[in-house]
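Colleague: Dumping the structure here so I can ask a few things about it.
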C-alpha cells in the first residue's frame, strides 16, 4: 500500500465530501482575508489623511460649516466653494503661537461644455504652503507655473494633456500618489492660476459673493502651531481675533473620521470572529461525521497493520490538502470581490480607504492560508483522537 498517495486518493474518491470541506475552508479564508483587507485599507486611509492634512488648525468662513460638514471637508477635499476676504490671512498671522499660515482657495468646476470634467480645484500659495506642497513634490519637483495643474490620481487626465476648466486650457504636469480620500479627485494650481479661473467662472455666471476680484478671496487658512504653544488655546485665540471666520482643530475633525472608522472596524472584526467560531464548529461536526462514516475503513487499515499514529497522519494530510486548496480559493475569491470595487467600498462607507501595499496584501494572504491550515489540523486532530479510542475489531463486528 502506497501511504504517500493514499490521502489524495481518499479525497478524489469522495469528491462531494472533499468539495464540501474545501468550500467551508474557502468561506473561512474569504471572510478573514477580505475583512482584514477592508480594515487595513481603512486604517491606511486614515493614516494617509493625517499625513496629508499636516495642519493643527483650519480657519474657514463662518458660513462654511453650513455648506459642508467638516468630515466631508476632509474626505472629499471640498464639497463646493466658500470664501472670505484675503485679509483673514494677515489676521491669522498676527495671533501669538501661529508658526505657519498657508491660504487655500477652492473652486468647483462645472460638468458642462466649459469644463472637461467636474472636479474640485484647489489653489495654493507655493511659498507659504506646508500641507499640499510636500505631497506634490513627491511627483513634481519644480514650482507650478501659471496655468499648470497637478491632478489627483483619479482625475481623468494624463500628464502632458490639457484640462479644460471654464473654457481655459490648463496643462497637466503631474499626477499625485493615491491617498484614499476625495483629494484624489482634486486639481491643484498656484494662486495666480486660481485667480484666473475664478474670473473665468464669474464670466460663466458663477458668483462668489465676496467680490469680483479673485485676488481678494481665499477659502481657508491652514495653521501650524509653534512648538510650546497649546493648540486649543491658539484655536480659541483665532476664533476671537479673525472676524467672520471659524477656527477648528484638525484633531477634532479627524476624531469624527476616526470614530466612524473604529465603528466599522469593530463591526467587521466581530463578523470575522463570528464566522471563525461558526466555521470551527462546523468543521468539528464535519470531521466527526466523516470519522463516523469511515470507521470501518479505518478499522480495516488498523487490521492491515496501520498504527494509530499512521492513521492520524493520514487524516492530518487530508485535512491539510483540503485546507490549503480551500484557503487559496477563499483568498482568490476575496481578492476578486474586494480589489476591483475599492472605489465603491470607499463611497458606501464614506471613509478614507487606501489599499495596503502589495507586500502587506501578500502577507495577509499567507497568514490567512496558514490559519485555515491550523483550523483544519485542529479539527482533524480532534477527530483522530476520537478514532484512537475505538477498537477496530469491535467496529467491524458492529458493522457486520
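The values are calculated or read from the model by the stated rules, or taken from the named source; none is laboratory data. On a predicted model such as this, the values are computed, not experimentally measured, just so you know. Cβ placement follows ideal geometry from the backbone for every residue including glycine, while neighbour counts extend to all protein chains displayed.
Colleague: From the list 363, 355, 342, which residue is surrounded by 16 or more Cβ atoms within 10 Å (Cβ to Cβ), in the same structural domain as residue 26 (by TED's automatic domain parsing) and either modelled with pLDDT under 75 or out of contact with any helix residue (DSSP H, G or I) (no Cβ under 6 Å at 6 or more places or on another chain) (or both)?
Modeller: 342
Colleague: Still on this structure: Between 229, 222, 188, which is surrounded by fewer than 23 Cβ atoms within 10 Å (Cβ to Cβ) and either at pLDDT 75 or above or touching a helix residue (DSSP H, G or I) at 6+ places or on another chain (Cβ under 6 Å) (or both)?
Modeller: Details: 222 fails: surrounded by fewer than 23 Cβ atoms within 10 Å (Cβ to Cβ); 188 fails: surrounded by fewer than 23 Cβ atoms within 10 Å (Cβ to Cβ).
From the options 229, 222, 188, the qualifying one is 229.
Colleague: Just to be sure, is residue 128 assigned to a loop (DSSP other than H, G, I, E, B) and modelled with pLDDT under 85?
Modeller: No.
Okay, residues lined up against (1) in contact with a helix residue (DSSP H, G or I) (Cβ under 6 Å, 6 or more places away or on another chain); (2) part of a helix (DSSP H, G or I); (3) buried (at least 18 other Cβ atoms within 10 Å of the Cβ); (4) modelled with pLDDT under 70:
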site	(1), (2), (3), (4)
9	no, yes, no, yes
16	no, yes, no, no
25	yes, yes, yes, no
29	yes, yes, yes, no
42	yes, yes, yes, no
48	no, yes, yes, yes
55	yes, no, yes, no
66	no, yes, no, yes
71	yes, yes, no, yes
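Colleague: If you check 169, 239, which single one turns out to be at pLDDT 80 or above, surrounded by fewer than 22 Cβ atoms within 10 Å (Cβ to Cβ), more than 25 Å from residue 54 (Cα to Cα) and outside the structural domain of residue 356 (by TED's automatic domain parsing)?
Modeller: 169
Colleague: In contact (Cβ under 8 Å) with a residue 12 or more places away in the chain and within 15 Å of residue 119 (Cβ to Cβ): does that describe residue 193?
Modeller: Yes, satisfied.
Colleague: Continuing with this model, one more query. Name every residue in the range 145-173 that is more than 21 Å from the chain's Cα centre (by Cα), under 16 Å from residue 119 (Cα atoms) and part of a strand (DSSP E or B), in order of residue number.
Modeller: 148, 149, 150, 162, 163, 164, 165, 168, 169, 170, 171, 172
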